[in-house]
Amino acid sequence: MKARWAIEFVGTGSYAPEQRVPNDHFTSYLDTSDEWIVQRTGIRERRIVAPDQSTLALSEAASHAALAEAGLTPEDIDLIIHATATPEHPLPSTACELQATLGCRWIPAFDIAAACSGYVYALINAAQFIQCGMARTVLLLGSESLTRITDMEDRGTAILFGDGAGAAIVRPSTDPERGILAARWGADGSRAKAVYVPAGGSAEPSSIRTVNERLHYMKMQGRAIYKFAVTMMHSLVAETLDDAGVKLDELALLIPHQSNLRIIESAAQRLGLGMDRVAVNIDRYGNTSAASIGLALDEARKEGRVKPGDLVMLVAFGAGLTWASALIRL
Ligand code: UT7
């Protein structure tokens, strides 16, 4: 079957900070337990950026890994698309800072703010620029230092999030059957405040008051997002398979956004897909938002769990609310 957008992953890379924080860390000062966290989320530990690290460092490490696998140098890249909810600075884009840090040419570089759907949004964008001839070698990333905007005094979010980065280099494919067979994306802005950071933007600039009221940290209606994700994830996968005329049996691996193991298991169960064909790494990294799919895809490729020619489905949802899916023949 001919791909809708004939692209090829010529390299992937990921990076997670060294510091591991097990659930027990939170039980020392919050009213929570390892048992609650494991049962309700599937998380056992997460990685946290070192004091001298931030999103750019994670992106740089993941990019170098992807370049090494592709056998390319930074000068070969001609577009950077960087998905993040935790940019290095509010201004300019982290993509521009990454361009200089890597030593790329003066190529276009921009960030995408689609939260946990960011990696798939970035991939769909990359495919468009390749298709229309505006780029040949695209570096795309999902990269987050989420613990920097997480309120560590709020047990509803503190236990959930972690830091990391996933990168990929995509190019036009010479094989017309490889690439994105089908993709869907969308957003429901009426639920923008289901996950949001109230202060630090133009609506509520940072001030001593906003800091005192902890408004620079993420606020989340966890249950509402949970219900949204559980009803949406499996139908998005089913519709995307349908778009491509591909049967569930043909799918080598489902790579869902790692937000909560129960959400992932529920989607797999509703689809009738065994968990042996679902990528899970939330136990080790927590929810890393835009980074989670990139991390999981890189792990699956490096472990040999997927190989060229396999069909892989990416599916994500997150703040916005946003969602996106992509069925890929690797
Ligand atoms: O990545 C995209 C953005 N975010 C998400 O995808 C998050 C989606 N939501 C979730 O993963 C889940 O809703 C959570 C893990 C955040 C919460 O799990 P839940 O099963 O939906 O719990 P809940 O919010 O319904 O709360 C149940 C109880 C509450 O206590 P009461 O009111 O029943 O007494 C919470 O206060 O659990 C309490 N609770 C906790 N208890 C122990 C909330 N957080 C904790 C905690 N430890 N860390």
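The slack between residue 40 and residue 131, meaning 0.36 nm per residue of separation minus the straight C-alpha distance, is 28.6 nm. The fewest-to-most ranking of 5, 106, 185 by surrounding Cβ atoms within 10 Å reads 106, 185, 5.
Computed from point charges on the beta carbon alone (+1 for Lys and Arg, -1 for Asp and Glu), the dipole magnitude for segment 35-158 about its Cα centre is near 280 Debye.
Label separation (residue 223 vs residue 24): 3.2 nm, computed from points 7 Å beyond Cα along the C-beta direction.
Expressed per residue, the C-alpha convex hull volume of the chain stands at 129 Å³.
Tell me the trypsin sites (Lys or Arg not before Pro) within segment 246-330 that lie in a loop according to DSSP and have at most 11 other beta-carbon atoms within 10 Å. Here the sparse-neighbourhood loop sites are 247. Highest mean first, the peptides 195-202, 136-143 sorted by other C-beta atoms within 10 Å per residue fall in the order 136-143, 195-202. Assigning unit charges at the beta carbon (Lys, Arg +1; Asp, Glu -1) and nothing else, what dipole magnitude in debye, to the nearest 20, does segment 185-330 show about its Cα centre? Using only the charged Cβ atoms, the result is roughly 440 debye. In units of the compact-protein estimate 2.2 N^0.38 Å, segment 136-290 shows a Cα radius of gyration of 1.23. Basic side chains Lys and Arg get +1 at the Cβ, acidic Asp and Glu get -1 at the Cβ, and with that the dipole of the chain about its Cα centre reaches some 660 debye. Ranked for footprinting exposure by Cβ neighbours inside 10 Å, fewest first, 110, 317, 26 give 110, 26, 317. Approximating the spin labels as points 7 Å out from Cα along Cα→Cβ, the residue 212-to-residue 276 distance works out to 6.0 nm. Reported to the nearest whole Å, the Cα centre-to-centre distance from segment 77-100 to segment 258-281 is 31.
Only the coordinates and a few stated rules stand behind these numbers; no lab work does. Note that this is a predicted model, so its numbers are computed, not measured. Neighbour counts run over all protein chains shown; Cβ positions are idealised from the backbone, glycine included.
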